[in-house]
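Engineer: Okay, handing you the structure first.
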Amino acid sequence: MAESAAVEFRIDRRSGVATYLQIVQQTKQALRLGVLEPGDRLPTAREVVEATAINPNTVLKAYRELEREGLVEARRGLGTFVRRTLGGAAGASAADSPLRAELADWARRARSAGLEKDDVGALFTAVLESTYESAYESARGDGPYEGPYGGTHGEGTSEGTHGTTTPTSTTHQGDQDR
């Protein structure tokens with residue numbers, strides 16, 4: 001029997017993100033980073049349940065979603081296998097790229113500057129959205145467009161990935177208790 005790929009799912013029960021979606025997102029991230037490659041076997045539902053203490057049906061739901069998206073395939077009696085990878089340039093591993101090293105250096109500087117993980121995520125998301133919105137608008141040659149999460153986006157917006165205002169303060173509700 002094939003050995004499972006080196007992927008461990010980490011479930012954050014306080015994140016507000018459905019458990020099965022966390023598994024889907026983590027699998028996609030592993031595909032983008034080159035941790036998982038075509039032919040690799042995902043951990044069995046039993047292995048995931050033992051490692052995370054979640055319901056086996058939740059794991060199966062995540063795997064069905066990945067299969068529906070064409071990323072994995074279930075082979076009866078053998079397991080669930082990666083069909084294709086995700087990512088940009090063919091053959092380039094994002095995990096080893098110089099951009100990753102630069103981003104890791106930037107993240108360390110942000111942490112040293114006192115930014116919390118959520119602050120860094122919000123900042124990165126805002127920059128990412130504005131960068132890709134600008135590129136999209138330039139490619140189309142027109143103005144604001146409706147983003148992937150609804151709402152019109154244009155120059156000078158302060159909207160994040162879900163149409164919410166990007167925080168400008170490093171203090172979040174609940175931080176007072178820390």
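The values are calculated or read from the model by the stated rules, or taken from the named source; none is laboratory data. All figures in this text were calculated on a predicted structure; none of them were measured in a lab. FYI the Cβ positions are ideal-geometry reconstructions off the backbone, even for glycines, and counts take in every protein chain you see. Each accessible area value is taken on the protein alone, full model and side chains, heavy atoms only, with ligands, DNA and RNA left out. Shrake-Rupley method; radii C 1.70, N 1.55, O 1.52, S 1.80 Å.
Engineer: Tell me, which helices (runs of 4 or more DSSP H) wholly within the range 1-88 include 1 or more residues that are under 29 Å from Arg100 (Cβ atoms) and acidic (Asp, Glu)?
Structural biologist: Correct list: 45-52, 56-68.
Engineer: Any idea how many residues of the range 1-47 are of a type in the set (A, V, I, L, M, F, W, C) and over 19 Å from the mean Cα position of the chain (by Cα)?
Structural biologist: 3
Engineer: How about the range 45-54: which of its residues are open to solvent by 50 Å² or more (accessible area, probe 1.4 Å), in contact (Cβ under 8 Å) with a residue 12 or more places away in the chain and not hydrophobic (A, V, I, L, M, F, W, C)? Spell out how you get there, then give the answer.
Structural biologist: Pass one, the range 45-54, residues open to solvent by 50 Å² or more (accessible area, probe 1.4 Å): 46-47, 50-51, 53.
From what's left, in contact (Cβ under 8 Å) with a residue 12 or more places away in the chain: 47, 51.
Scanning the range 45-54 gives a single hit, Glu47.
Engineer: Please tell me if Gly121 is at pLDDT below 90, over 27 Å from Val59 (Cβ atoms) and open to solvent by less than 70 Å² (accessible area, probe 1.4 Å). Steps first, please.
Structural biologist: Numbers: at pLDDT below 90: yes; over 27 Å from Val59 (Cβ atoms): no; open to solvent by less than 70 Å² (accessible area, probe 1.4 Å): yes.
No, not satisfied.
Engineer: Keeping to the range 111-128, report how many residues are more than 18 Å from Ser15 (Cα to Cα) and hydroxyl-bearing (Ser, Thr, Tyr).
Structural biologist: Within the range 111-128, residues that are more than 18 Å from Ser15 (Cα to Cα) and hydroxyl-bearing (Ser, Thr, Tyr) number 1.
Engineer: Based on what the data block shows, is Leu103 more than 24 Å from Thr19 (Cα to Cα), at pLDDT below 95 and not β-branched (Val, Ile, Thr)? If you could, list the steps in order and put the result at the bottom.
Structural biologist: On the way: more than 24 Å from Thr19 (Cα to Cα): yes; at pLDDT below 95: yes; not β-branched (Val, Ile, Thr): yes.
Taking the combined requirement at face value, the residue satisfies it.
Engineer: Do you know which residues across the range 13-38 are under 23 Å from Gly87 (Cβ atoms) and open to solvent by 50 Å² or more (accessible area, probe 1.4 Å)?
Structural biologist: Val17, Tyr20, Leu21, Gln25, Gln29, Arg32, Val35, Glu37, Pro38 - these are the residues of the range 13-38 that are under 23 Å from Gly87 (Cβ atoms) and open to solvent by 50 Å² or more (accessible area, probe 1.4 Å).
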